[in-house]
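Okay, so here's the structure we're looking at.
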């Protein structure tokens with residue numbers, strides 16, 4: 001939402017083509033987000049969005065944005081069952097001019113957990129913090145029931161699940177005595193409860209991984225695009241304003257036939273145009289990210305999160321996903337989310353490189369090992385490899401080998417690794433592609449900064 005707000009403010013109300021392009025890109029990357037709207041706070045002004053917006057919903061968004069204290073507001077969608085709206089004012093100040101809304105499909109947010117969750121005896125409910133039910137497939141039983149709020153600052157939704165256990169679930173066909181029936185009943189009841197608890201934990205884990213996937217993807221695509229658009233609009237304002245003023249002055253001097261003064265005005269206009277060109281060149285080469293606090297963490301845990309995130313995707317693609325991690329902790333100093341994002345980008349790129357590749361069984365291998373003063377992890381695949389002509393520009397922003405790719409993943413990964421004091425490189429290989437990330441060990445990094 002921060003990126004969309006930056007794009008909306010940068011357009012200054014003149015055109016919203018870029019806003020709609022970014023909005024459609026978001027809905028394509030995140031199917032659970034199926035509507036984006038930009039509602040002016042001034043009644044009667046034109047609403048910009050990916051779908052037609054009715055007056056009642058627009059007024060609700062406008063009222064929520066006006067009452068906002070800067071935080072995201074969650075509201076049920078008045079026209080679409082099983083949907084809720086995330087509303088934020090734009091810009092996020094008291095001088096806000098728009099209400100920005102994302103519509104979320106609660107059914108797609110939970111996802112398909114398998115045939116177990118479609119059984120008549122199993123119930124799932126997802127509610128807003130104020131208690132409004134977004135999704136409830138059946139009434140929740142009182143016997144075996146679990147509820148827990150999702151650990152998301154912007155979307156603290158309440159997930160509740162339950163299951164009715166009948167006699168057919170607890171009693172198999174038996175023709176034994178009363179003692180055996182009693183023992184069997186106790187055993188089956190306890191086993192059903194344990195299985196239900198395990199499945200509930202699996203549903204909670206799926207929701208956590210979905211939130212983590214959204215955060216990583218947002219950091220690698222939408223956030224970068226919003227930051228670049230906002231910075232470009234800010235820096236281009238001065239030279240463009242100067243060019244406009246000089247052009248107006250030149251037109252007056254031309255009318256007055258003051259050719260001597262006109263030459264100086266044209267020179268200044270050329271200078272400001274070159275300045276604007278330099279700004280665009282700098283953004284094309286990607287601005288350096290700001291430093292963030294770092295700490296020591298176990299790299300195995302970050303790689304384990306990546307494996308959990310991409311395991312189901314690998315199975316659906318019929319790809320062997322292998323992680324070879326040491327038995328003992330491997331400590332490095334850095335931002336765990338950023339290093340996790342780097343590993344996620346590399347593994348996902350390797351999986352996408354194997355799509356449609358004929359030959360031996362597709363395989364992606366992640367290997368973590370420790371050296372004297374550094375930690376190394378390799379991400380290797382047995383795909384077609386990187387074209388020779390592309391290798392010198394592999395880490396340049398907007399360079400990609402995939403149709404529809406942004407070309408920002410490897411460039412962002414390089415900057416995140418360098419921020420942690422490490423290096424990332426493409427290793428020469430005869431089979432597929434291998435990317436190597438080298439990071440300083442926690443003790444070595446702390447001695448350097450001491």
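What follows draws every value from the coordinates through simple rules; no lab data is involved. In this text, all values refer to a predicted model and were calculated from it rather than measured experimentally. Neighbour counts are summed over all protein chains in view; Cβ atoms, including those assigned to glycine, are modelled from backbone coordinates with ideal geometry.
Taking the Kirkwood radius as Rh and the Cα radius of gyration as Rg, the range 295-449 has a ratio of Rg/Rh equal to 0.96.
Simple spin-label estimate for residue 263 and residue 71 gives 6.5 nm between the two label positions (7 Å along the Cα-to-Cβ direction from each Cα).
Could you tell me the calculated FRET efficiency between residue 391 and residue 29, based on Cβ-Cβ distance and R0 = 30 angstrom, to the nearest 0.05? Calculated transfer efficiency: 0.65. Here the ratio of the Cα radius of gyration of the range 11-91 to 2.2 N^0.38 Å is 1.07. Using the Cβ-Cβ distance between residue 320 and residue 240 with R0 set to 60 Å, the FRET efficiency works out to roughly 0.65.
Residue order for 396, 122, fewest other beta carbons within 10 angstrom first, comes to 396, 122.
Using the alpha carbons alone, the radius of gyration of the range 322-393 stands to its Kirkwood radius in an Rg to Rh ratio of 1.02.
With each label modelled as a point 7 angstrom along the Cα→C-beta vector, the residue 205-residue 438 pair spans 3.6 nm. Put a dot 7 Å past the Cα of residue 180, heading toward its Cβ, do the same for residue 198, and the two dots end up 2.6 nm apart.
Expressed as a rounded percentage, what relative contact order does the range 2-108 have, with Cα pairs under 8 Å and six or more residues apart? Reported as a whole number, the value is 28 percent.
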